[in-house]
Structures are given as C-alpha cells and as structure tokens.
1. Assigned to a strand (DSSP E or B) and among the β-branched types (Val, Ile, Thr) - does that describe any residue in the stretch 86-93?
2. Restricting the search to the stretch 1-53, which residues are within 20 Å of the chain's Cα centre (by Cα), farther than 30 Å from GLU217 by Cα and of a type outside the set (A, V, I, L, M)?
3. Residues to consider are GLN284, GLN264; find the one that is of a type in the set (S, T, N, Q), closer than 28 Å to ALA52 by Cα and at pLDDT below 95.
4. Looking for something touching a strand residue (DSSP E or B) at 6+ places or on another chain (Cβ under 7 Å), surrounded by fewer than 17 Cβ atoms within 10 Å (Cβ to Cβ) and not in a loop (DSSP other than H, G, I, E, B) - is there at least one such residue anywhere in the stretch 314-321?
5. Quick one: LEU181 ticks every box in (1) among the aliphatic types (A, V, I, L, M); (2) outside the structural domain of TYR227 (by TED's automatic domain parsing); (3) surrounded by 18 or more Cβ atoms within 10 Å (Cβ to Cβ) bar one, so which box is it?
6. Write out, first by first residue and then by second, each pair whose Cβ atoms fall under 8 Å of each other, whose residues are 6+ apart or on separate chains, and whose first residue, in the stretch 86-109, is in contact (Cβ under 8 Å) with a residue 24 or more places away in the chain and of a type in the set (Asp, Glu) while the second is assigned to a loop (DSSP other than H, G, I, E, B) and surrounded by 13 or more Cβ atoms within 10 Å (Cβ to Cβ).
7. Taking the residues in the stretch 119-136 that are under 29 Å from the mean Cα position of the chain (by Cα) and among the charged types (D, E, K, R) as candidates, determine which candidate is nearest to LEU84 (Cα to Cα).
8. Has the stretch 49-58 got at least one residue that is among the aromatic types (Phe, Trp, Tyr), outside any strand (DSSP E or B) and under 30 Å from LEU268 (Cα atoms)?
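The values are calculated or read from the model by the stated rules, or taken from the named source; none is laboratory data. Please read all numbers here as calculations on a predicted model, not as lab measurements. Every residue, glycine among them, receives a Cβ derived from its backbone with ideal geometry; neighbour counts consider all protein chains shown.
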Amino acid sequence: MKTKDFDFELPTELIAQHPLEKRDNSRLLVLNKTTGAISHKHFTDITDYLRAGDVLVINNTKVIPARLFGIKQGGTAHIEVLLLKQTNEKDCWEVLVKPGKRVKTGAIIDFGSKLIGEIISETSSGRIIRFYYEGIFTEILDELGAMPLPPYITEKLEDQNRYQTVYAKYDGSAAAPTAGLHFTPELLEKIKTMGVEVVEVLLHVGLGTFRPVQAEEISDHEMHSEYYDISPQAAQCINKAKEEGRRVIAVGTTSTRTLESVAQNGRLKSGDGWTQIFIYPGYQFQILDGLITNFHLPKSTLVMLVSALAGKENVLHAYHEAIAEKYRFFSFGDAMLII
C-alpha cells in the first residue's frame with residue numbers, strides 16, 4: 001500500500017489557527033463506516049449518536065509546557081529545546097534541538113537560574129538531554145516552558161488551557177489529544193446521565209503524531225513510541241462491555257492506539273508500557289466500534305488509522321466533502337464521528 005494514496009489537497013485557510021470561543025460549538029461530520037453515508041451536524045449533536053450502555057474512552061494525559069529556551073554555555077547562541085518523551089533514566093529526556101547542528105554531545109545549555117541541561121547522546125530523531133535543577137521539575141517547567149503548539153499553528157494562543165482537554169490529569173504529553181478538546185464538563189455530564197460509561201486511559205502523545213509518512217510503502221514506516229497506562233478498572237469495564245455486545249467508542253486516535261495496543265483475542269489487558277502500534281487499512285480492530293476524531297494531516301499515520309476503521313475511499317470522500325463545506329482542520333478544527 002502506497003503512502004501517496006492517503007494524500008489530498010488542503011487549502012491553507014482551512015487550517016484552524018485558534019480554538020472556537022466555546023469548545024463544543026465545533027461542527028461534526030458523521031460518517032457511517034459501513035455505508036459511507038455522511039451527515040453534517042454540530043458537536044453537541046454527539047448525544048444523538050450515543051446510547052445507554054456505550055463506553056466512551058477518553059485519554060486523560062496532560063500537555064506539559066515542553067518548549068524550553070536557553071543559551072549554550074561558552075557562547076551566545078540561543079537554543080530551543082522541545083521535550084519529546086522522558087527516558088527510563090532519571091531526569092533524562094529525548095528532545096529536539098533547534099538549531100540542531102550547533103549542539104553536539106557534551107554541550108551545556110543554560111535555561112535560567114533554575115535549570116541546566118547537558119546533551120549526553122544523540123538518537124535517530126533527536127538528542128538525549130539530562131537536566132540538573134533544584135526543586136520540582138514540573139513546577140520549573142510551568143515557570144520556564146511554553147506550550148508546544150503544532151508547527152501548522154503559527155498564531156499565538158492567548159489561553160494556554162485551550163490546548164488541554166477539560167479532563168487532563170497526568171503530565172507527560174508533547175501534544176494534546178485533540179479530539180477531546182471539543183468536550184465541555186457540561187456535555188460530558190449530559191453524556192453520563194444518558195447511561196454512557198466514560199472510561200479513562202492514558203497515552204502520552206509525542207510529536208511523531210504530526211509527522212507525515214516519508215516511506216513510499218506504508219509498511220516501511222517506523223512508528224514512534226508512546227507511553228500508555230490502562231488501569232485494571234478500565235480494562236474490566238471495557239471487557240464487560242465487549243462481552244455484553246455494547247459499543248466501545250474512543251475519543252481520539254490516541255485512545256484508539258492505547259486500546260488496540262494491549263488487546264488480545266478481543267479482550268483488554270491492564271498495565272503500562274510503550275507502544276509503537278501502527279494501524280492502517282487491513283488492520284482488524286479488536287476493541288474499537290466507533291471513533292470521535294479530528295481531521296488529520298495528509299499522508300499521516302492518523303489518516304491511515306481512520307481509514308483502517310472506515311475504509312480509505314469512505315474517509316477520503318468525507319475529507320473532500322469537509323473541504324468543500326469549509327470545515328476547520330487539524331488540532332483546533334472541527335470533528336468527525338465514525339460510527
């Protein structure tokens with residue numbers, strides 16, 4: 001299967017630069033994964049497509065202020081460091097460094113009076129940095145760091161909390177699970193009162209989620225890894241729903257990848273670890289019945305994932321219709337329900 005088969009032309013004016021004033025005022029394209037039928041709704045209409053007994057799975061990760069700005073010791077070069085993921089070694093992170101060529105192993109970067117970093121090695125996608133500090137690292141990040149908005153968002157975000165879901169709990173993501181940005185506390189409460197079970201899982205989102213696939217053949221693409229955690233309670237709830245024939249609907253591709261990463265014989269295992277699961281057409285879903293998602297980048301692994309669920313032709317037809325109807329795309333854009 002060719003990567004070019006998942007390409008499409010997107011007018012730049014449809015890339016949303018700002019969130020809407022109210023989260024759930026976004027539009028909603030509903031795609032029937034079996035027939036390919038399309039309906040145009042608003043996100044608050046999501047309740048018309050959910051029913052008592054459904055399990056709605058959300059990702060409770062929280063975006064950290066992962067952009068740090070410093071100066072290389074022994075020089076005057078300004079350096080930007082973007083935290084990608086924490087390694088197994090204490091206080092060590094895999095990072096992207098800009099400008100990368102000037103910063104070699106052994107370089108010391110001064111981020112201010114409270115934080116110093118040392119480049120200790122290089123990886124295929126970046127560098128490993130060890131941080132030295134006094135106090136609590138997350139509090140220092142809150143003080144010194146900036147929110148890591150995707151590269152296609154070029155305008156300033158006035159309210160940093162708009163790049164967090166209302167249910168974000170656990171620090172660790174370099175990007176938001178953006179399908180969840182449409183939910184308000186009131187809408188979630190309404191969904192629960194309908195008899196829908198809302199179950200939380202965790203996947204810390206890495207920036208690899210934004211990278212287009214470069215390999216000509218999809219199967220040659222090396223997927224980035226991300227940390228996940230599924231509690232015994234979450235696994236039990238989802239397994240019970242599957243046993244009883246109730247639907248499991250994921251909010252976002254990150255929740256989807258979490259569920260399918262640990263599924264065996266149609267059942268979910270609890271636990272934590274790292275996943276590199278790559279879902280593209282031909283994949284047989286074990287847990288997922290439906291998906292709430294945003295509109296994704298051309299040739300991205302995310303377009304491939306939704307195509308695996310609803311069929312490439314159905315998805316690309318829906319994308320072309322969304323473009324014709326001037327839906328807003330990407331992180332701050334409108335939503336799609338595949339059911």
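1. No; the residues of the stretch 86-93 include none that is assigned to a strand (DSSP E or B) and among the β-branched types (Val, Ile, Thr).
2. GLN17, HIS18, PRO19, ARG23, ASP24, SER26, ARG27, PHE43
3. From the options GLN284, GLN264, the qualifying one is GLN264.
4. The answer is yes, given that some residue of the stretch 314-321 is touching a strand residue (DSSP E or B) at 6+ places or on another chain (Cβ under 7 Å), surrounded by fewer than 17 Cβ atoms within 10 Å (Cβ to Cβ) and not in a loop (DSSP other than H, G, I, E, B).
5. The one condition LEU181 does not meet is (2).
6. Between residues of the stretch 86-109 that are in contact (Cβ under 8 Å) with a residue 24 or more places away in the chain and of a type in the set (Asp, Glu) and residues that are assigned to a loop (DSSP other than H, G, I, E, B) and surrounded by 13 or more Cβ atoms within 10 Å (Cβ to Cβ), the close pairs are GLU94/THR87; GLU94/SER125; GLU94/GLY126.
7. If we take residues in the stretch 119-136 being under 29 Å from the mean Cα position of the chain (by Cα) and among the charged types (D, E, K, R), then ARG127 is nearest to LEU84 (Cα to Cα).
8. yes
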